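The block underneath contains the structure these notes are about, expressed in structure tokens.
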Amino acid sequence: HEGPKAYKQAFGLLYRFEAERPNEIWQSDHTPLDIFVLDDRQRSVKPWLTAIVDDYSRAVPGYFLSFMPPSSMRIALALRQAIWRKDDPDWTMCGIPEKFYSDCGSDFTSNHIDQVAIDLKFETIQTEPNDPQGKGKCERFFLTVNEMFLATLPGYAPKGHSDVQAVLTLEQLEQRFKKWLVNEYLTRKHSEINMAPKDRW
């Protein structure tokens with residue numbers, strides 16, 4: 001009586017897939033961050049984070065942080081960072097995925113990303129519409145970013161808190177985010193895999 005979406009959430013079978021090796025499956029998604037930072041005109045704005053998560057290890061080989069709204073260009077820039085070796089010797093994740101898993105948004109299903117996939121020879125896979133569980137590992141990473149990183153910073157503004165003043169610039173936020181990602185997130189024991197993402201990768 002409440003429609004197919006409600007029925008699926010209540011009674012549908014939930015299959016949690018798990019990659020068998022690093023770089024077999026990468027998941028990607030965007031989220032607006034719950035923090036106000038200063039843009040070039042000194043206005044308080046919430047930036048967007050595009051993240052790529054390795055399904056097997058939960059490690060993050062690449063991301064893109066900016067004020068630009070979700071687009072295929074954001075995805076391509078995050079992929080570029082994920083694929084190449086990093087200057088930081090503690091951030092070792094890189095390579096080309098076998099499968100690239102995302103939602104069915106127009107940015108992920110664009111000709112741009114299709115061409116990137118053809119050039120680099122990886123398969124793109126999209127979740128079913130209205131199936132947030134399919135992107136669960138990205139969603140879990142975003143929750144971790146919110147609770148363990150953003151909540152410690154000035155300008156943190158969870159939903160319902162719009163009167164917070166920005167303190168950091170986008171560049172300062174990115175410096176802190178990268179340091180947290182490499183030194184804390186990748187080295188801390190992950191509850192689902194029972195070891196650090198860096199070690200698992």
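Leu143 passes every criterion in (1) surrounded by 18 or more Cβ atoms within 10 Å (Cβ to Cβ); (2) out of contact with any strand residue (DSSP E or B) (no Cβ under 9 Å at 6 or more places or on another chain); (3) hydrophobic (A, V, I, L, M, F, W, C) apart from (1). Every test in (1) farther than 20 Å from Leu186 by Cβ; (2) open to solvent by less than 60 Å² (accessible area, probe 1.4 Å); (3) of a type outside the set (Gly, Ala, Ser); (4) not in a strand (DSSP E or B) is passed by His30 save one, and that test is (4). Of all residues in segment 37-67, those satisfying the criterion of being surrounded by 22 or more Cβ atoms within 10 Å (Cβ to Cβ) and among the hydroxyl-bearing types (Ser, Thr, Tyr) are Thr50, Ser57, Tyr63. Close contacts from segment 150-168, counting a first residue that is of a type in the set (S, T, N, Q) and a second that is open to solvent by less than 40 Å² (accessible area, probe 1.4 Å), with Cβ to Cβ under 8 Å and a gap of 6+ residues or different chains, come to Gln165/Phe36; Gln165/Gly155.
Note on segment 158-185: residues that are in contact with a Ser or Thr (Cβ under 9 Å, 6 or more places away or on another chain), in a loop (DSSP other than H, G, I, E, B) and surrounded by 12 or more Cβ atoms within 10 Å (Cβ to Cβ) amount to 2. Contact annotation: residue pairs with Cβ atoms under 6 Å, 6 or more positions apart or on different chains, pairing a residue in segment 61-81 that is small (Gly, Ala, Ser) with a partner that is assigned to a strand (DSSP E or B) and open to solvent by less than 30 Å² (accessible area, probe 1.4 Å), are Gly62/Ile52; Ala78/Thr50; Ala78/Ile52; Ala78/Gly62; Ala78/Tyr63. The residues in segment 72-97 that are assigned to a loop (DSSP other than H, G, I, E, B) and open to solvent by 30 Å² or more (accessible area, probe 1.4 Å) can be counted, and the count is 9.
Of the residues making up segment 106-119, those that are open to solvent by 20 Å² or more (accessible area, probe 1.4 Å) and either under 18 Å from Ala19 (Cβ atoms) or not in a helix (DSSP H, G or I) (or both) are Ser106, Asp107, Thr109, Ser110.
Filtering segment 188-201 to residues that are in a loop (DSSP other than H, G, I, E, B), touching a helix residue (DSSP H, G or I) at 6+ places or on another chain (Cβ under 9 Å) and in contact (Cβ under 8 Å) with a residue 12 or more places away in the chain leaves Glu192, Ile193.
The values are calculated or read from the model by the stated rules, or taken from the named source; none is laboratory data. None of the values given here were measured: they were computed from a predicted structure. Note that each Cβ is placed from the backbone with ideal geometry, even for glycine, and that neighbours are counted across all protein chains shown. Each accessible area value is taken on the protein alone, full model and side chains, heavy atoms only, with ligands, DNA and RNA left out. Shrake-Rupley method; radii C 1.70, N 1.55, O 1.52, S 1.80 Å.
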